[in-house]
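Visitor: Sharing a structure with you now.
Nothing in this text is a laboratory measurement; each read-out follows from the coordinates by a stated rule. Everything numeric in this text was worked out from a predicted model, so none of it was measured. With ideal geometry, Cβ positions are generated from the backbone for all residues, glycine too; neighbour counts draw on all protein chains shown.
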Amino acid sequence: MYPAAIEASASHAPLVVLAADRPPELHGNAAPQTIDQVRLFGSHARAYFEIGLPDGTEEGLRGLRRKAAQAVFASQFPLPGAVQINAWFRKPLEPQEPNEEDARLRERIERICAEPFPAPYPPRAVPGDAGVDAIAELCRRFRRGLIVCGPGPIAAAGARRAVEELAETVRYPLLAEGASQLRFTGQANPLRCDAFDVFLRSESFAARHAPQAIVQIGLPPTSKGWERFLRRVPDCPRAVLAPYGWNDPTNRAASIVIGAVEETAAAARDALMDIGRLRATQWTEDFAAADRIAWSVAEEETKSSNALTKGALARAIVDSLPRGSLLALGNSLPIREVDSYCPGWMTDTLVWSQKGANGIDGLVSGAAGAASVFGGPATLYLGDLALLHDLTGLAAARDLESPFVVVVAQNDGGRIFEQLPIAGCRDVDPEMLALWTTPHGLDFAHAALLFNLDYRRAENEASLREALAEAHARGGTTLIEAVVPPSGAAAEHARFIDAVNRRLRSETDAAR
């Protein structure tokens, strides 16, 4: 419950937590299963409501209904997030023989419930004129600009066309992460450069392509390549556009524009219509060429053998998705591998992620909940440690009727740490590094058996694609354990980056 409240707060997702509490006479006297639940979630909750012990009077029931309406409203406005309702209960909670008072209480409840509910209607954030002008003026002044899109909620998919039209108006390359909802449209776009995380790591390319302006949409990008690139241009003016929050971990943004992305992007585009239809420039052509090179290398690297590498795993998952389905991505390596190896034209899908707090807690439970609301085919791609952290989340997934495919990358631990600076420290030996990677030596066949789930084990790309096709074709939950080499992800990604760098240098030199 606590991780869910934290994620809701960080990602601005409305959440009402109904917490059952013990009665006041059992607090502070060592009564079993009793803790202080008053404002349990601290600053992670937008509001707290105490409804006390059950009160069946007319006034008590109407007050209860009013507080429920207030809690829903507070979870949405002014800043969406978690809200706690604390409810006290005394024994007995077990069924009892009905009496006359129970009948009167039922009549009272049914009568009140039949009345119109005091439904709250929070206002929608609209872009302010000054914020729109700030974005438009930035784009008007500079031709060498970029639009970068970080993770966003599923609702952000509604802004796809508005953001694309803004990019087309000013001819800025559009750099969209997988979790932004703006990448996986199933169509190619000459301005969208999905491989930016890869080619921006090229020192030669980055050195020659310093932007004059940046428009950031949504949360800060996950991309390490973008983070390094941004550090090269600390003084580049940058406007940050998002519906909520101060999304600027570098503390260098020139402006923070709070407003609905679709309306704000459309308003900025309209404000720029006087500049006419700009033509492609060498700037946009260079980014498009780098994007083509990166995806060409990605396909070559992942098709070199039938071995199940992390890149081949990510591409197979995305390539197998039914059109219009839901893709849930775990943090750590899965979301980064999809960004590195999967272009947006591969499929049209919505992406669910926990990029608010960037944690791995509750990934299975959260994705199962998202799948149950989505109602169509859904796929979760996560790491083995993330699955171990939320193994009981499989219980929430077993009753799903639509296809829900859980693909776990089995590489015996948290291998992202092999890509971090600690792995390169001379003072860190393999035994010490294991304290970070935490190898576990487990497989998940028995976990699937425990929760009565269909299970497949894939050790090469052919068997993985076969398992994915079977799982998407039937209903219910399937657990696919995709076995990839331990300690291979870091070397694989380094080879990929190096191959892209060499191809970029080669084709750049040839063009000169």
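Visitor: Need one word for segment 2-114: rounded, prolate or oblate. Basis is the Cα gyration tensor (sqrt eigenvalues a ≥ b ≥ c); a/c below 1.5 gives rounded, then a/b vs b/c decides.
Guide: Numbers: a/c = 2.75, a/b = 1.37, b/c = 2.01.
Oblate.
Visitor: Would you work out if segment 330-387 is rounded, prolate or oblate? Take a ≥ b ≥ c from the square roots of the eigenvalues of the alpha-carbon gyration tensor; rounded if a/c is under 1.5, else prolate when a/b is larger than b/c, oblate otherwise. Walk me through the numbers on the way to the answer.
Guide: Values: a/c = 1.94, a/b = 1.07, b/c = 1.81.
Verdict is oblate for segment 330-387.
Visitor: Can you tell me what percent of all Cα-Cα pairs in segment 303-496 are more than 29 Å apart? Walk me through the numbers on the way to the answer.
Guide: Details: 3149 of 18721 pairs.
More than 29 Å apart: 17 percent of the Cα pairs in segment 303-496.
Visitor: Here is a further query. If a/c stays under 1.5 just call it rounded; otherwise compare a/b with b/c (prolate if a/b is bigger, oblate if not). Do that for segment 146-262, with a ≥ b ≥ c from the square roots of the Cα gyration tensor eigenvalues. Mind dumping the intermediate values first?
Guide: Details: a/c = 1.59, a/b = 1.17, b/c = 1.35.
Oblate, because a/c is 1.5 or more while a/b does not exceed b/c.
Visitor: Once you place label points 7 Å from the Cα toward the Cβ at residue 35 and residue 70, how far apart are they in nm?
Guide: Each label point is offset 7 Å from its Cα along the Cβ direction, giving 2.6 nm.
Visitor: Determine the relative contact order of segment 238-342: mean sequence separation of Cα pairs under 8 Å and six or more apart, normalised by residue count, in whole percent. Provide the component values of the computation, followed by the final result.
Guide: Numbers: 58 pairs, mean separation 18.0, N = 105.
Reported as a whole number, the value is 17 percent.
Visitor: For the charge dipole of segment 2-114, defined by +1 on Lys and Arg C-beta atoms and -1 on Asp and Glu C-beta atoms about the Cα centroid, which residue among 33, 17, 88 has the Cα displaced farthest towards the positive pole?
Guide: 17
Visitor: With only alpha-carbon pairs counted, each pair once and no self-pairs, how large is the Kirkwood hydrodynamic radius of the chain in angstroms?
Guide: Working: mean 1/r = 0.0396 Å⁻¹.
Here the Kirkwood hydrodynamic radius works out to 25.3 Å.
Visitor: Amide H of residue 16: which non-local residues (sequence gap of 5 or more, or other chain) have their own amide H closer than 5 Å, using H built in the peptide plane?
Guide: Residues meeting the criterion, in which the H sits 1.01 Å from N, are 83.
Visitor: Also, quick follow-up: Let me spell out the model: positive unit charges on the Cβ of Lys and Arg, negative unit charges on the Cβ of Asp and Glu, origin at the Cα centre of segment 2-114. What dipole size does that give, in debye rounded to 20? Could the numbers behind the result be given before it?
Guide: Values: 13 positive and 15 negative charges, 89 e Å.
Charge dipole, segment 2-114, about its Cα centre: 420 debye, nearest 20.
Visitor: Additional query: Counting Lys +1, Arg +1, Asp -1, Glu -1, what net charge surrounds residue 148 among other residues with beta carbon under 13 Å of its beta carbon? Show your work: numbers first, answer last.
Guide: On the way: positive: 183, 192, 238; negative: 177, 194, 197, 227, 248, 339.
With Lys, Arg at +1 and Asp, Glu at -1, the net is -3.
Visitor: Run the numbers for residue 165 and residue 50: contour at 0.36 nm per residue of separation, minus the present Cα-Cα distance, in nm.
Guide: Working: separation 115, 0.36 × 115 = 41.40 nm, distance 4.77 nm.
Extending this stretch completely gives an extra 36.6 nm.
Visitor: Is there a quick way to get the dipole size of segment 303-496? I mean about its Cα centre, with the Cβ of Lys and Arg at +1 and of Asp and Glu at -1; what is the value in debye to the nearest 20? Mind dumping the intermediate values first?
Guide: Values: 14 positive and 22 negative charges, 90 e Å.
So the magnitude is around 440 debye.
Visitor: Can you put 273, 1 in order of Cβ neighbours within 10 angstrom, beginning with the fewest?
Guide: The fewest-first ordering by Cβ neighbours comes to 273, 1.
Visitor: Hey, if you put +1 on the Cβ of every Lys and Arg and -1 on every Asp and Glu Cβ in segment 271-354, which of 280, 298, 353 ends up farthest toward the positive end of that dipole?
Guide: Of 280, 298, 353, it is 353.
Visitor: Oh, and also: Counting other beta carbons within 10 Å of each Cβ, put 440, 446, 493 in order, fewest first.
Guide: So the ranking, lowest neighbour count to highest, is 446, 440, 493.
Visitor: Right, something else. Among 113, 193, which comes first, then next, by fewest other beta-carbon atoms within 10 Å? Display every interim value, and only then the final one.
Guide: On the way: 113 10, 193 27.
Fewest-to-most ranking of 113, 193: 113, 193.
Visitor: For residue 148, enumerate residues with amide H under 5 Å from its amide H, sequence gap 5+ or separate chain, H modeled in the peptide plane.
Guide: Counting only residues 5 or more places away or on other chains, the set is 175, 215, 216, 217.
Visitor: For the chain, what does the relative contact order come out to in percent, with C-alpha contacts under 8 Å and a separation of six or more?
Guide: Once normalised by length, the contact order is 13 percent.
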